[in-house]
Amino acid sequence: MELRRLRGLAPTSVRRAVKRLLRSPRRQAADLLASGAFDAAYYAAVTGAAGLTPQQAAEHYVTTRAGTWLSPHPLIELESLPLRIRQAMEHPEGIDRFLRYLRLDAARRHRWSPLFDPRNPALDGKDPLAELARWRDDDPVPVTPGYVGTPPTLGEARAAIVAFMREHRHQFEATLPPRRPGWDESETRRWIAAMESRALDTADTLVSVVMPALNRADTIRAAVDSVLAQTHGNLELIVIDDGSTDATPDIVREYARRDDRVRLVTGPHAGVGAARNLGIEHATGEFVAFLDSDNTWVPRFVELSLAGLAAAPEAVASHAGARLHAGDGEVAYRGGPVQWDDLQLGNSIDINIIVVRASALRAVGPFDPAIRRWVDYDLVLRLAAAGPLEYLPFVGCDYDDRPAEGRITQRESLHWQWAVRERNLVDWRAASDGLIARTAGRVSVIIVVADKAKSSAHTILRLLEGGPEDLEVLVIDNGSPAAVGRALTAEFLSEPRVRYLRLPTNNNFALAANYGASQSTGEHLVFVDSDADPRDGWVGALLHRKAETGALGVQALLTNDDGTVQNAGYGFFQEGTRPSALLAGLPLRDAERADLTGLTAVSASALLLDAREFVALRGFDALYANGFEDLDLCLRARERFGDGAHFACAADAVVVHAPDTSEQRRRRDPENQRLFASRWGESTFPDDAWRYDAIGLRVAGLEDSGDGPLPHVVPARAIAPTTHGGGSPALRWAIKTGVPNTRGGDLWGDLPFADSLARSLEKRGQQVVVDRYPARGRATSPLDDVVLAIRGRHPLEPQPGAVNILWVISRPGEVTRQELAGFDAVFAASATWASWMSQESGRRVEVLLQATDPERFHPDVAAAPGREDVLFVGGARPIEFGRAIVGSALRAGAALALWGPGWDRIAPECARGAALGPHEAPSAYRSAEIVLNDHFADMAEWGFVNNRTFDVIACATPMISDPVAGLELFGGAVATASSDEEMKKLLTDRSWRPSPERMRELSAMVRAEHSFDARAATLLETALSLWHGDDGTGEPAGSGERAS
């Protein structure tokens, strides 16, 4: 039919008409339905659009919901698709672009939702969109690799996401009537006409009007006149003078003499809430209304309000519209139907247009005098929780909206709105009563989420992987879009330890965290930010530190992305200044050496507290908006529990944490600071400058960081005693590594290597820190006296003004002559390469082989349970068999045990685990008959014997390695295999292995001559020589001026 209409049209018109036809909702809906990317049953259940055919449901989606928060299928989450595709859904051709994208190869390289991943092996080589169309309700869905728990079926997934959408639909649909420039008078006239008969029925009803007043002599006459002019005459006006010092009470007395409906109640100044409560006590009416002394009612306000309540007997109160008068003559209007869910977004009901049943007012309780602003919001929320609120579509009040000095809205903090919401969301009395029912030993982790589904899921997964045995995770969604909740529901659908709770709007951290705590069941509470990356074992470390120190609360060591300290607790340095993050910008080893017990305050970004103390303190103060709430909690704890209430930081509980640099936080920070200063500004706290002393530093003053004062730290150099009875400077060393600050980097051998070397230097009185690669140029580097660059994967730059030593231990093929130029001394773990580079560069390169730590690696270490025949420790690489030497051993039929990531895919029958920790490696080596070893190609070529060789021989275990010059050092304990035949021969005929006695002799030799203690002695001698310089000035040989 449509095609016949195109006859006779010009070609351009035909093209336009065809384009419109292809973009028509009907055509797009048919394509969407045919693709399989639309689930009609899911859509009908979520939207309530029942009774539609699948085609009609698809058309409904295309015309009303595409481009909104709703996805067309439970296994497709629009947030998982590229931004350009999501944006295209808002336009007429959006469905076409959406479907075209899902058919591209690019769409197969990422998940479509946590429950549908084209990379799942079940979809290997198949068209994911076509498979989606064929999926049945009882088919397990193709989840993302690493999905927690058993993959649900399509039917289970649909049911869970539908339940989520239904449960929270009222929140997603909640809204507040906007402030608007006009009013629909026709609607008002129609409503009043319908109410006329009701008004006659309520003529004898007594209404009590409560009017608080404080120094309102200039406005109170108009307010009182508007009450006395009401068409409903059966009322009493109770004016409460709240300690006025002007003519306000005299004016009211004059009205009372003329009209016995007016009564004056006087008292000392106690605030608007207390004044209204006093008025309520004197009220005798069946209904109560409130009018402030600077506003006025329209004549029929009470009459029409009573009529509206008569028509809605189930309503606890009514509210009308308000006409707002700004100071510049502008007039606006506010009013509209709202209930409890809508009011969670804010308050649109002014106290001046409410009429409440006296029985309901008595049931919900009076105003709270402790609330200094938003007192009417608090009452409205309690009324809304008690029953329906009836909206009456007429203007009932003329409201003075001009800024005026002395008004609560000008004088008190905007942050009171969150304190009011918290009072109506968190029942602290019930939480206190429920303490006895909490599960002993259980840890309840509370994560507040705001628009960050991906990072939140990552954090939750880390918690589940390395958390304690009895763990629950409460995800408090702080008003995120629906897609966030859907994604998290889907991600943890099969994980019963995760509970998802949603708040309708962003209520800031304090309120949301308190709500989560009130819903938790554990003895212990842990708060952690949703963008944190906690490292393994951190909760256990917090629990251990708390038990060890008796601290009221323990925070994790928060680090930046580069591995430096972000926050190790809060430090107080000078009276009257705000506290700042301890050890900020310093390496982690400084935190490990510092005394982080007895802290006055800690951060809530990763914090452990017991539920009992947290409930006793009534949680975080919701007056603080994403800042200072943790400081305030700690200081209130000291106030409540005495100065003995102290906190600690667990340096072994590491959490990588992104700092909050949001504009919203910066905007609210001044008010947070003002609130904190008003409460604690006159208090004094213990000075924390001494904490820097133990790490060889001292606080020389404070400097402004933009986020408050930070301590200006300088070296506090001591004299380290020597074995000769003299002394040498206790220099500050920075061992620089090429290790990334990732969970994978945690497993690199460079870290225990650097740690062992650091401990050996510390034995000689040196101060030592270790830097990962991203922190190689950290801002606190000028504090370091000596930079020891351990050259591995990445080149490392010298530090101007320091003694710079380069130790090349691997990747020699990547080291250039230019790289050596900035260093004062260069060592290499190969005699061959050292000789060659000395000639090539024209500067001396000393030989310093790699080493072992005899305290960890020795023959008497306890063997691991279950003796392995042939062991390899290290990750699989992207080559055949993962490693050449592993492949050779497998082909030789070795009974092989493999430790490291990736072996579960290559040789699952041999894989023992993804990681063998540095403290487990010695036992594993000692328990093996033979350990396999290999080297990077350039290391083997240049004779760089790796660290593993020294460790294994120190454990008195024989080794098979790839050929490397220098292995003769180990006296036959290391055999080499360069082919499958040689490997098979070595594994079959093991007569090459030295006797156990000889292995112990070789172990003793390695531990004595090639220990980190020996290497530290060489490096220290070199550093001190360079530090003192050849000219006897005592200045280091390094270029540049030293930091003081």
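Inside region 952-969, can you point out the residues that are out of contact with any strand residue (DSSP E or B) (no Cβ under 7 Å at 6 or more places or on another chain) and surrounded by fewer than 24 Cβ atoms within 10 Å (Cβ to Cβ)?
Val964, Ala965, Gly966, Glu968, Leu969
Pairs under 7 Å by beta carbon, first residue surrounded by fewer than 16 Cβ atoms within 10 Å (Cβ to Cβ) in region 190-213, partner part of a helix (DSSP H, G or I), six or more apart or different chains?
Asp201/Ala310
Check every one of the strands (runs of 3 or more DSSP E) wholly within region 637-741 and list those with 1 or more residues that are at pLDDT 90 or above. It would help to see each step written out before you state the result.
Values: elements: 647-656, 697-704, 709-715, 719-721, 727-729, 732-736.
Per the criteria, 647-656, 697-704, 709-715, 732-736.
Considering only region 866-885, I want to know if a residue exists there that is farther than 23 Å from Phe950 by Cβ, buried (at least 19 other Cβ atoms within 10 Å of the Cβ) and free of Cβ contacts under 8 Å to residues at least 40 places away in the same chain.
Taking every residue of region 866-885 in turn, at least one turns out to be farther than 23 Å from Phe950 by Cβ, buried (at least 19 other Cβ atoms within 10 Å of the Cβ) and free of Cβ contacts under 8 Å to residues at least 40 places away in the same chain.
In the set Arg100, Arg134, which member is touching a residue at least 12 places away in the same chain (Cβ under 8 Å) and among the basic types (Lys, Arg)?
Numbers: Arg100 fails: touching a residue at least 12 places away in the same chain (Cβ under 8 Å).
Arg134 is the lone residue from the list that is touching a residue at least 12 places away in the same chain (Cβ under 8 Å) and among the basic types (Lys, Arg).
Looking only at region 362-383, count how many residues are under 22 Å from Gly285 (Cβ atoms) and in contact with a Leu (Cβ under 8 Å, 6 or more places away or on another chain).
4
Is it true that some residue in region 585-600 is touching a Leu at 6+ places or on another chain (Cβ under 9 Å), part of a strand (DSSP E or B) and surrounded by fewer than 24 Cβ atoms within 10 Å (Cβ to Cβ)?
No, because not a single residue in region 585-600 is touching a Leu at 6+ places or on another chain (Cβ under 9 Å), part of a strand (DSSP E or B) and surrounded by fewer than 24 Cβ atoms within 10 Å (Cβ to Cβ).
Filter region 638-658 down to residues that are within 20 Å of Arg578 (Cβ to Cβ) and over 24 Å from the mean Cα position of the chain (by Cα) and give me whichever is surrounded by the fewest Cβ atoms within 10 Å (Cβ to Cβ).
Once the filter is applied, the top-ranked residue is Glu639.
Among Ala163, Ala133, Ala157, which is the only one that is closer than 23 Å to Phe98 by Cα, assigned to a helix (DSSP H, G or I) and out of contact with any Pro (no Cβ under 9 Å at 6 or more places or on another chain)?
Numbers: Ala163 fails: closer than 23 Å to Phe98 by Cα; Ala157 fails: out of contact with any Pro (no Cβ under 9 Å at 6 or more places or on another chain).
Only one candidate passes the filter, namely Ala133.
Residues are listed down the side, and each one gets a yes or a no for (1) in contact (Cβ under 8 Å) with a residue 40 or more places away in the chain; (2) of a type in the set (S, T, N, Q):
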residue	(1), (2)
Asp962	yes, no
Phe970	no, no
Ala973	no, no
Ser978	no, yes
Lys984	yes, no
Leu987	yes, no
Arg990	yes, no
Pro996	yes, no
Met999	yes, no
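Answer yes if at least one residue in region 117-124 is within 21 Å of Ala45 (Cβ to Cβ) and of a type in the set (A, V, I, L, M, F, W, C), and no otherwise.
No: zero hits.
Can you pull out the residues in region 485-536 that are part of a helix (DSSP H, G or I), within 15 Å of the chain's Cα centre (by Cα) and of a type in the set (A, V, I, L, M, F, W, C)? Steps first, answer last, please.
Narrowing region 485-536 to residues part of a helix (DSSP H, G or I): 485-491, 508-519.
Restricting the remaining residues to those that are within 15 Å of the chain's Cα centre (by Cα) gives 488, 508-510, 512-513, 516.
Passing the criteria: Leu488, Phe509, Ala510, Ala512, Ala513.
Can you give me the number of residues within region 137-185 that are closer than 24 Å to Glu465 by Cβ and either surrounded by fewer than 18 Cβ atoms within 10 Å (Cβ to Cβ) or touching a residue at least 40 places away in the same chain (Cβ under 8 Å) (or both)?
Count: 13.
Give Arg438, Arg462 a once-over and let me know the one that is crowded, with 18+ Cβ neighbours inside 10 Å and in contact with a Pro (Cβ under 8 Å, 6 or more places away or on another chain).
Arg462
Test Asp630 against the criterion of being modelled with pLDDT of 95 or more and surrounded by 22 or more Cβ atoms within 10 Å (Cβ to Cβ), and give yes or no.
yes
Scan region 294-317 and report the pairs whose first residue is touching a residue at least 60 places away in the same chain (Cβ under 8 Å) and whose second residue is aliphatic (A, V, I, L, M) and in a loop (DSSP other than H, G, I, E, B), with Cβ atoms within less than 7 Å and a gap of 6+ or a chain change.
Trp297/Leu291; Pro299/Ala229; Leu309/Ala315
Does Asp562 qualify as being under 29 Å from Pro752 (Cα atoms), in a helix (DSSP H, G or I) and touching a helix residue (DSSP H, G or I) at 6+ places or on another chain (Cβ under 8 Å)? Break it down into steps so the answer makes sense when it comes.
Working: under 29 Å from Pro752 (Cα atoms): yes; in a helix (DSSP H, G or I): no; touching a helix residue (DSSP H, G or I) at 6+ places or on another chain (Cβ under 8 Å): yes.
For Asp562, the condition - under 29 Å from Pro752 (Cα atoms), in a helix (DSSP H, G or I) and touching a helix residue (DSSP H, G or I) at 6+ places or on another chain (Cβ under 8 Å) - is not met.
Counting residues that are of a type in the set (A, V, I, L, M, F, W, C) and within 19 Å of Glu592 (Cβ to Cβ), which strands (runs of 3 or more DSSP E) fully inside region 765-824 reach at least 2?
767-771, 786-791
Of these, Arg891, Arg844, which one is surrounded by fewer than 14 Cβ atoms within 10 Å (Cβ to Cβ) and in contact with a Ser or Thr (Cβ under 7 Å, 6 or more places away or on another chain)?
Matching residue, one of Arg891, Arg844: Arg844.
Which fully enclosed helices (runs of 4 or more DSSP H) of region 233-338 have 2 or more residues being among the hydrophobic types (A, V, I, L, M, F, W, C), closer than 25 Å to Arg179 by Cβ and modelled with pLDDT of 95 or more?
Per the criteria, 301-311.
Among the residues of region 230-244 satisfying the criterion of being of a type in the set (Gly, Ala, Ser) and more than 20 Å from Glu286 (Cα to Cα), which is surrounded by the fewest Cβ atoms within 10 Å (Cβ to Cβ)?
My answer is Gly243.
Would you point out which residue out of Gly466, Gly434, Gly441 is free of Cβ contacts under 8 Å to residues at least 40 places away in the same chain, farther than 30 Å from His325 by Cα and outside the structural domain of Ala194 (by TED's automatic domain parsing)?
Only one candidate passes the filter, namely Gly434.
The values are calculated or read from the model by the stated rules, or taken from the named source; none is laboratory data. Every value quoted in this text rests on a predicted model; they were computed, and no experiment measured them. Neighbour counts are summed over all protein chains in view; Cβ atoms, including those assigned to glycine, are modelled from backbone coordinates with ideal geometry.
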